[in-house]
Amino acid sequence: MAQGTITINGSPFPFESGQTILQVAEDNDISIPTLCYLKGASPTGACRICVVEVKGYRTLVTSCSTPAANGMEVLTESPKVVASRRETLELLLASGNHNCSIGSGREGDWSDFQMQAAASDQFDELCPAWGDCRLQDLAYQYQVEGGKYPRTENRYPMEMINPLIVRDFSRCILCGRCVQACNEVQVNRAINFGYRGAEAKIVAGTDVALKDSKCVFCGECVQACPTGALTEKKARFSWRPWKTEKIRTTCPYCGVGCQLWLHVQDGRIVKVTGVEDGSPNKGRLCVKGRFGYDFIYSEERLKTPLIREGETFREASWDEALDLVAAKFKQIIEESGPDALAGVSCARSINEDSYQMQKLFRAVFKTNNIDHCART
């Protein structure tokens, strides 16, 4: 129920109680850029990219954390707002190995910096998040160049020891999205802010590697990261968004039905992300759904049914294999009764398949010996 009217860029819009300026703008297709804001988590206003100008206010306000008020008049792209965002972006670009500025107008040693960043990455190509970085997108949008401020020296080495996630502290802007994704979205509580001032960083546990913390490697922090500070180890430098096709599908690992984006390059999956607005997971994934896609390319996968003959197996057609199984089932029921059979539905089956499995055993085989395996 509408609680009042707010005017954004000259147009009036109704809003509901508790909505922020950013939420009202998003509901009405008005774009306000953000970096630290994470949908579904508590707004912090930490990055100040989403600032807007409100008539009668002495300073700019963060739209993600400022409640809408009746009669409020807001400008989202005034000269004052744009100048503030540009200044914030210039400071962020100077905060580490952000080799994503759009030019070298102020920075005479731009080529040297690019080479240093590549050396830090231990790779010949530029930033692993190139083309999938919100900071880069905003630098282009607001035509921000590097070099206005001295670059901050990187205090912490890259963390490569984890099995699935690379943590590059030189590209962390301390936006806090990963912390919120871990603590508020997935509720694993594995990471948080640590230290203070210039030494501030995102720490796992008592500042240990992710593998030595409570981290379950769901990868929600990676999906939330707006820069190249967190990347999937398997996709690092092998995935670029302009080279891949996105295909939506359902996760095969259990019956929940989580929605996935498969990022496919040259016929192979190189990265998996959650569908942000897809039900039931709303972008959330577990370690299996996000990282467990290698098995489909294993040479050890069975490609045809096998029938045991003595101590060996021979390949067979599906018709022959199914006919054999049906005949064996009939024989067992005739000789020992239906309760001599039992079935276990695979944990990777969808709910509909598990339902059909129990229907087969109860209605056709006439036994209640049916269960569901919770392990994969």
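The values are calculated or read from the model by the stated rules, or taken from the named source; none is laboratory data. Predicted, not measured: the structure shown is a model, and the values here were computed from it. FYI the Cβ positions are ideal-geometry reconstructions off the backbone, even for glycines, and counts take in every protein chain you see.
With respect to residue 147, is the statement that it is modelled with pLDDT under 85, surrounded by fewer than 18 Cβ atoms within 10 Å (Cβ to Cβ) and assigned to a loop (DSSP other than H, G, I, E, B) true?
Criteria not met by residue 147.
Tell me, yes or no, whether the range 241-253 has at least one residue that is modelled with pLDDT of 90 or more, touching a helix residue (DSSP H, G or I) at 6+ places or on another chain (Cβ under 6 Å), not in a strand (DSSP E or B) and not assigned by TED's automatic domain parsing to the domain that holds residue 319.
Narrowing the range 241-253 to residues modelled with pLDDT of 90 or more: 241-251.
Of the ones still in play, those that are also touching a helix residue (DSSP H, G or I) at 6+ places or on another chain (Cβ under 6 Å) are 251.
If we keep only those that are not in a strand (DSSP E or B) as well, we get 251.
Pick out the ones that are also not assigned by TED's automatic domain parsing to the domain that holds residue 319 and you get 251.
Among the residues of the range 241-253, at least one is modelled with pLDDT of 90 or more, touching a helix residue (DSSP H, G or I) at 6+ places or on another chain (Cβ under 6 Å), not in a strand (DSSP E or B) and not assigned by TED's automatic domain parsing to the domain that holds residue 319, which makes the answer yes.
Within the group 133, 221, which residue is of a type in the set (A, V, I, L, M, F, W, C) and modelled with pLDDT under 95?
The unique qualifying residue is 133.
If I filter the range 316-351 down to residues being more than 20 Å from residue 369 (Cα to Cα) and touching a strand residue (DSSP E or B) at 6+ places or on another chain (Cβ under 7 Å), which single residue comes out as surrounded by the fewest Cβ atoms within 10 Å (Cβ to Cβ)?
Residues of the range 316-351 that are more than 20 Å from residue 369 (Cα to Cα), as a first pass: 316-324.
After this cut, where a residue has to be touching a strand residue (DSSP E or B) at 6+ places or on another chain (Cβ under 7 Å) as well, the list is 316, 321, 324.
Numbers: 316: 15, 321: 15, 324: 13.
Among those that are more than 20 Å from residue 369 (Cα to Cα) and touching a strand residue (DSSP E or B) at 6+ places or on another chain (Cβ under 7 Å), it is 324.
Just the residues that are acidic (Asp, Glu) and over 22 Å from residue 177 (Cα atoms), please, taken from the range 9-26.
16
Only one of 181, 198 is closer than 30 Å to residue 268 by Cα and aliphatic (A, V, I, L, M); which?
Testing whether each residue is closer than 30 Å to residue 268 by Cα and aliphatic (A, V, I, L, M) leaves just 181.
Considering only residues that are under 24 Å from residue 162 (Cβ atoms), polar (S, T, N, Q) and under 15 Å from the mean Cα position of the chain (by Cα), look in the range 212-264 and name the one that is surrounded by the most Cβ atoms within 10 Å (Cβ to Cβ).
Checked the range 212-264; the qualifying residue surrounded by the most Cβ atoms within 10 Å (Cβ to Cβ) is 227.
Here are some conditions: (1) crowded, with 21+ Cβ neighbours inside 10 Å; (2) closer than 30 Å to residue 265 by Cβ; (3) modelled with pLDDT of 95 or more. Residue 209 meets all but one. Which one does it not meet?
Among (1) crowded, with 21+ Cβ neighbours inside 10 Å; (2) closer than 30 Å to residue 265 by Cβ; (3) modelled with pLDDT of 95 or more, the lone unmet condition for residue 209 is (1).
Applying the selection to the range 300-355, what residues are under 41 Å from the mean Cα position of the chain (by Cα) and basic (Lys, Arg)?
Once the filter is applied, which keeps residues that are under 41 Å from the mean Cα position of the chain (by Cα) and basic (Lys, Arg), the range 300-355 yields 301, 303, 348.
Here is a check on your reading of the model: is residue 356 farther than 30 Å from residue 251 by Cβ and without any contact (Cβ under 8 Å) to a residue 12 or more places away in the chain? Spell out how you get there, then give the answer.
Numbers: farther than 30 Å from residue 251 by Cβ: no; without any contact (Cβ under 8 Å) to a residue 12 or more places away in the chain: yes.
No: the conditions fail for residue 356.
Tell me which residues, restricted to the range 344-368, are under 14 Å from residue 256 (Cα atoms) and aliphatic (A, V, I, L, M).
Step one: list which residues in the range 344-368 are under 14 Å from residue 256 (Cα atoms), which gives 346-355.
Correct list: 347, 350.
Residues to consider are 227, 206; find the one that is touching a His at 6+ places or on another chain (Cβ under 9 Å) and outside any strand (DSSP E or B).
The unique qualifying residue is 227.
Can you report the number of residues in the range 352-376 which are among the hydroxyl-bearing types (Ser, Thr, Tyr) and exposed (fewer than 15 other Cβ atoms within 10 Å of the Cβ)?
Here the count works out to 2.
In the range 1-27, which residue that is surrounded by 14 or more Cβ atoms within 10 Å (Cβ to Cβ) and free of Cβ contacts under 8 Å to residues at least 24 places away in the same chain is nearest to residue 77 (Cα to Cα)?
26
Which count do you get for residues in the range 179-194 that are surrounded by 13 or more Cβ atoms within 10 Å (Cβ to Cβ) and either touching a strand residue (DSSP E or B) at 6+ places or on another chain (Cβ under 6 Å) or among the aliphatic types (A, V, I, L, M) (or both)?
Matching residues across the range 179-194 total 7.
Taking the range 356-376 as the search range and keeping residues that are within 34 Å of the chain's Cα centre (by Cα) and in a loop (DSSP other than H, G, I, E, B), which one is modelled with the lowest pLDDT?
376
Here is a check on your reading of the model: is residue 190 over 23 Å from residue 135 (Cβ atoms), in contact (Cβ under 8 Å) with a residue 24 or more places away in the chain and touching a Ser or Thr at 6+ places or on another chain (Cβ under 8 Å)?
yes
Residues are listed down the side, and each one gets a yes or a no for (1) farther than 17 Å from residue 361 by Cβ; (2) among the acidic types (Asp, Glu):
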position: 304; (1), (2): yes, no
position: 309; (1), (2): yes, yes
position: 318; (1), (2): yes, no
position: 322; (1), (2): no, no
position: 326; (1), (2): no, no
position: 329; (1), (2): no, no
position: 334; (1), (2): no, yes
position: 340; (1), (2): no, no
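Quickly run through the range 125-162 and pick out the residues that are hydroxyl-bearing (Ser, Thr, Tyr) and free of Cβ contacts under 8 Å to residues at least 60 places away in the same chain.
Those that are hydroxyl-bearing (Ser, Thr, Tyr) and free of Cβ contacts under 8 Å to residues at least 60 places away in the same chain: 140, 149, 152, 156.
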